[in-house]
Ligand SMILES: Nc1ncnc2c1ncn2[C@@H]1O[C@H](COP(=O)(O)OP(=O)(O)OP(=O)(O)O)[C@@H](O)[C@H]1O
Ligand SMILES: [Mg+2]
């Protein structure tokens, strides 16, 4: 067995597969690589196989086939070592309702070999990190959903893991709590922890993740940075509402923009296909202003991850509208 | 080892904080004591030979103690824990899985001692006297019908009760005590081994 080093990727899976009793193929031959320092998103609808993958990577579920390493440690060959290097917050929040938040964190410290005053200090530090100092000495059953999530997150961090797994960390939270969790995840990541999180939310994958993979029916259908995936979909569209302005002179005023692919004249509007919509807007406004052309409005439409999802799976992830093929 | 202590401490805390889980386990033994003191002792006055000059309370006390100790709640607590998902958190921690079982058992030990002490105190208050300083369950073996006797002799619990009963009624009787301890240790080890094996193979 080779010795795991800090150069090994955070997660590396080859041909990972899990078939449940009864023949459900939850995960089918997944290849995955999460680099050190990344926030990696695993995006997919209900039943796609996200949790099954995470449970395999966390040593909770033996793979039917394939292999996986976390922080360079094989999860099947050396689960004990793998457990020392990872932190896990599962989809179902696992809290003990009759303990207080502080007791839970101190026990968690103890299970990772941190004891006595060091455990008390670490628990306090984590309670501060997730903003639970006031509720720290109440039993966890009195916590709100968001507080439980935050405590669960804190409990995954006691031993400063190299790799953190978060299975749907924001599902069921209101938008404000979601933003709080995002901030915490970013802060944890900035401290050097690699993060792999699953989500059903396009926005979460887009805003939070450096790279992501879309999983559907147990297979990874596409993988890349959010920007790259969207860029593969085509270009941004800047539409300029003419509001009576002359088509030709407007077109001439804008002229050759950097990254301009083509211009389509629509009824009462110009559609400019550009590489970078937001960057182009400033230049378009400046040029129109110089020629003293007044237009009705300028808007950018960018391809979304939903468009990526649609092209990869033939379905939309969010909203339940049927999409004609 | 530290893991067992930590998990045990937490389980004891749970026992203390959820008295509603322990109170029903007190109810049955105390109920039996009360019934026996009230009615059955009239049927078997203390002159009855197998009572060694004591009231039926003393004869019945070990049964109550068995009830008190055997309604251990750890198994149930563990099932709840699996349901709540906290169990997964323990499984993913770098600890020996068996320590989850031993932590629970430690709490049962504490609870068992607590509940037994209470039952003993109540029995003493009702007039049982201890020969030692502490049996077929309700009557001795030879008072049972042949079929019942065969069943009772095959049931290991009988020997535990016999041993405990000898402590109450006759004082130190090494033979009966040895069998009693042997039965307890053997079943204890056997069941613990099964639990540990189950948890080590556990995955879902
Ligand atoms: N223990 C199990 N036994 C049988 N089938 C299972 C088991 N666990 C999961 N499955 C099945 O495997 C598939 C993938 O489930 P999984 O929980 O990994 O999906 P998911 O992507 O996490 O979904 P969600 O977003 O709803 O959490 C589903 O069809 C599910 O029914
Ligand atoms: Mg899931």
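Scanning for something more than 30 Å from residue A:165 (Cβ to Cβ) and within 25 Å of the chain's Cα centre (by Cα), does segment A:246-257 turn up at least one residue? The answer is no; no qualifying residue exists. When the test is whether a residue is buried (at least 19 other Cβ atoms within 10 Å of the Cβ), within 10 Å of chain B (Cβ to nearest Cβ), in contact with a strand residue (DSSP E or B) (Cβ under 7 Å, 6 or more places away or on another chain) and at negative phi, residue A:82 passes it.
Just one of (1) more than 16 Å from ligand 1 (Cβ to nearest atom); (2) surrounded by fewer than 19 Cβ atoms within 10 Å (Cβ to Cβ); (3) assigned to a strand (DSSP E or B) fails for residue A:164. It is (2). Residue A:204 meets all of the listed conditions (1) away from chain B (no Cβ under 14 Å); (2) farther than 22 Å from residue B:88 by Cα; (3) away from ligand 2 (no atom under 16 Å from the Cβ) but one, namely (3). Scanning segment A:95-154 for residues that are at positive phi and within 14 Å of chain B (Cβ to nearest Cβ) yields A:113, A:116. So, residue A:198, is that one modelled with pLDDT under 90, within 16 Å of ligand 2 (Cβ to nearest atom) and within 14 Å of the chain's Cα centre (by Cα) or not? No. Could we say that residue A:184 is within 16 Å of ligand 1 (Cβ to nearest atom) and either over 24 Å from residue A:230 (Cβ atoms) or not in a strand (DSSP E or B) (or both) here? Spelling it out, it is not the case that residue A:184 is within 16 Å of ligand 1 (Cβ to nearest atom) and either over 24 Å from residue A:230 (Cβ atoms) or not in a strand (DSSP E or B) (or both).
The values are calculated or read from the model by the stated rules, or taken from the named source; none is laboratory data. All figures in this text were calculated on a predicted structure; none of them were measured in a lab. Note that each Cβ is placed from the backbone with ideal geometry, even for glycine, and that neighbours are counted across all protein chains shown.
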